[in-house]
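Reviewing the structure listed below.
The values are calculated or read from the model by the stated rules, or taken from the named source; none is laboratory data. Given the structure is predicted, the values throughout are model-derived calculations rather than measurements. Cβ placement follows ideal geometry from the backbone for every residue including glycine, while neighbour counts extend to all protein chains displayed. The area values use the complete protein model at the heavy-atom level, side chains included, leaving out ligands, DNA and RNA. Shrake-Rupley method; radii C 1.70, N 1.55, O 1.52, S 1.80 Å.
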Amino acid sequence: MGFTMICVVLYGICMAQVPVSMEPRHHNIFENGHVRILDVHIPPGDTSQIHIHATASIFLILNDVKTGSQVISEEDHSNSPIPDYGNIWFEGFYIKPRIHRVWNSDTSEFHVMDIELPNKNFINIDPPIQQESFTFLFDEKPVRAYRLNLRPAAKIAVMASKADILMILLTDSTESIHASEKSFHKKGDFLYISAGNSFEINNGGMVKAEFAFFELK
């Protein structure tokens with residue numbers, strides 16, 4: 001292979017590695033100083049571009065299918081495995097970014113949310129929520145996470161706090177689920193509440209509703 005061809009190949013490889021927020025299947029549906037919500041849809045048989053995860057992130061699997069990943073570079077987690085909370089987990093990328101591409105080898109769409117947490121001006125927030133409906137998951141530098149299970153016909157009040165709140169529906173629903181003035185219907189529907197605001201969450205339906213619930217620092 002000639003020198004010119006080598007340069008072209010190397011240039012192509014470098015150009016293919018884009019920040020995850022610029023990868024075409026990662027759709028930016030909300031962004032402010034605390035979060036960047038990337039709604040990811042990979043159809044059956046499709047493959048993402050090679051992309052870079054370099055910002056602390058929460059990942060939510062909304063449709064768990066058979067997938068594969070080609071990893072170009074990432075931190076070695078052999079001595080410190082990433083804690084498993086089912087379909088919700090956190091990665092800091094503090095030491096080394098992940099560079100990879102992902103493909104869907106299943107027959108239905110791969111749907112995941114990548115919630116980047118760019119804020120580095122962390123604050124001390126209130127003690128963890130103790131209500132029965134909340135299950136504590138993890139407490140990291142930029143975020144504290146819970147799984148919220150709301151029984152049929154249940155209503156709960158969330159008190160005003162120092163933290164901004166992000167809540168995301170994890171279960172499809174044709175029922176009447178409301179928080180603040182927001183209606184939730186499908187997986188991935190979300191609500192962002194700024195610090196200092198109280199609100200109610202109301203499950204007016206006859207089936208359980210499940211949310212990922214985050215306090216942002």
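Residues being surrounded by fewer than 16 Cβ atoms within 10 Å (Cβ to Cβ) and closer than 28 Å to Asn124 by Cα: count how many of those fall in the range 158-179.
The total comes to 3.
When you scan the range 4-12, do you find a residue that is assigned to a loop (DSSP other than H, G, I, E, B), surrounded by fewer than 18 Cβ atoms within 10 Å (Cβ to Cβ) and modelled with pLDDT under 95, even just one?
no
Looking at the range 59-73, I want the residues that are touching a residue at least 60 places away in the same chain (Cβ under 8 Å) and have a partner that is small (Gly, Ala, Ser) with Cβ atoms under 9 Å, at least 6 apart or on another chain. Which pairs are those?
Within 9 Å, the pairs are Leu60/Gly188; Leu60/Ala212; Leu62/Gly188; Asn63/Ser108.
Among the residues of the range 50-86, write down those that are of a type outside the set (A, V, I, L, M), assigned to a loop (DSSP other than H, G, I, E, B) and in contact with a strand residue (DSSP E or B) (Cβ under 6 Å, 6 or more places away or on another chain).
Thr55, Glu74
Can we say Ile156 is over 17 Å from the mean Cα position of the chain (by Cα) and either in a loop (DSSP other than H, G, I, E, B) or in contact (Cβ under 8 Å) with a residue 12 or more places away in the chain (or both)?
In short, yes.
Quick one: which of Lys187, Lys141 is basic (Lys, Arg), open to solvent by 10 Å² or more (accessible area, probe 1.4 Å) and under 14 Å from the mean Cα position of the chain (by Cα)?
Unique residue meeting the criteria: Lys187.
Please indicate, with yes or no, whether at least one residue in the range 133-142 is without any contact (Cβ under 8 Å) to a residue 24 or more places away in the chain and either touching a Leu at 6+ places or on another chain (Cβ under 8 Å) or assigned to a loop (DSSP other than H, G, I, E, B) (or both).
yes
Would you pick out the residues in the range 108-126 that are out of contact with any Gly (no Cβ under 9 Å at 6 or more places or on another chain) and either basic (Lys, Arg) or open to solvent by 60 Å² or more (accessible area, probe 1.4 Å) (or both)?
Matches in the range 108-126: Glu109, Lys120, Phe122, Ile123, Asn124.
Among the listed residues Ser198, Ser194, which satisfies the condition of being open to solvent by 40 Å² or more (accessible area, probe 1.4 Å), under 19 Å from the mean Cα position of the chain (by Cα) and within 24 Å of Pro128 (Cβ to Cβ)?
Residue meeting the stated conditions: Ser194.
Within the range 45-53, is there a residue that is open to solvent by 40 Å² or more (accessible area, probe 1.4 Å) and of a type in the set (S, T, N, Q)?
Yes, there is a match, as at least one residue in the range 45-53 is open to solvent by 40 Å² or more (accessible area, probe 1.4 Å) and of a type in the set (S, T, N, Q).
Please indicate, with yes or no, whether at least one residue in the range 107-123 is touching a Ser or Thr at 6+ places or on another chain (Cβ under 6 Å) and over 23 Å from Ile72 (Cβ atoms).
No, there is no match, as no residue in the range 107-123 is touching a Ser or Thr at 6+ places or on another chain (Cβ under 6 Å) and over 23 Å from Ile72 (Cβ atoms).
Checking the condition closer than 21 Å to Asp106 by Cα, modelled with pLDDT under 95 and open to solvent by 50 Å² or more (accessible area, probe 1.4 Å), which residue from Asp76, Asp64 passes?
Asp64
Report, by residue number, each residue of the range 74-109 that is within 19 Å of the chain's Cα centre (by Cα) and among the aliphatic types (A, V, I, L, M).
Selection gives Ile82, Ile88, Ile99, Val102.
Checking Ile129 against (1) hydrophobic (A, V, I, L, M, F, W, C); (2) touching a strand residue (DSSP E or B) at 6+ places or on another chain (Cβ under 8 Å); (3) surrounded by fewer than 16 Cβ atoms within 10 Å (Cβ to Cβ), which test does it fail?
Only one criterion in (1) hydrophobic (A, V, I, L, M, F, W, C); (2) touching a strand residue (DSSP E or B) at 6+ places or on another chain (Cβ under 8 Å); (3) surrounded by fewer than 16 Cβ atoms within 10 Å (Cβ to Cβ) is unmet by Ile129, namely (3).
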